[in-house]
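Here's the structure we're looking at; comments come further down.
The values are calculated or read from the model by the stated rules, or taken from the named source; none is laboratory data. Here the structure is a predicted model, which is why all the values come from computation and not from measurement. Cβ placement follows ideal geometry from the backbone for every residue including glycine, while neighbour counts extend to all protein chains displayed. We work out accessible area using only protein heavy atoms, side chains counted, and drop any ligands, DNA or RNA first. Shrake-Rupley method; radii C 1.70, N 1.55, O 1.52, S 1.80 Å.
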Amino acid sequence: QVQVVESGGGLVQPGGSQRLSCAASGRIFRINDMGWYRTAPGKQRELVAVITRTGNTNYVDSVRGRFTISRDNAKNTVYLQMNSLKPEDTAIYYCNVKTLSGSWWGQGTQVTVSS
């Protein structure tokens, strides 16, 4: 069993910044990809950013250049630095961790971008 816990959400003004964190714990031999997804009101969940174990990254076009994903393998933690936030970034953000035993999700953290 693997536990995934996100933190760092909240209310931020347009143009502001916010950093999300996600820590995985439990029966982990090795974590492969770590990613952030989001579900906006009335929309399907989409992949925001993903990072491989070796540090290769990929982003959805709408956040490229504004968001940065990073990870600390020693701490089984992944981060999402979000800059120049827009109201359309408002969503519940979910962390996903892929290990040899499966794919694990956090409970989600709300990010609201509003003045």
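At-a-glance table
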{"item": "Förster-model FRET efficiency, 30 Å R0, Glu46 and Asp72, C-beta, rounded to 0.05", "result": "0.75"}
{"item": "Percentage relative contact order, the chain, counting C-alpha pairs under 8 Å, at least six apart", "result": "37 percent"}
{"item": "Overall form of the chain per C-alpha gyration tensor (a/c, 1.5; a/b vs b/c)", "result": "prolate"}
{"item": "Efficiency of FRET between Ser115 and Val5 - r from beta-carbon atoms, R0 30 angstrom, step 0.05", "result": "0.55"}
{"item": "Whole-number percent relative contact order across the stretch 50-101, with pairs defined as alpha carbons under 8 Å at least 6 apart", "result": "24 percent"}
{"item": "Taking all pairs of distinct alpha-carbon atoms in the stretch 1-52, Kirkwood radius in angstrom", "result": "13.3 Å"}
{"item": "Solvent-accessible area, 1.4 Å probe, carbon plus sulfur percent, for the chain", "result": "48 percent"}
{"item": "Fully extended contour minus Cα-Cα distance, from Asn83 to Asn56, at 0.36 nm per residue", "result": "7.7 nm"}
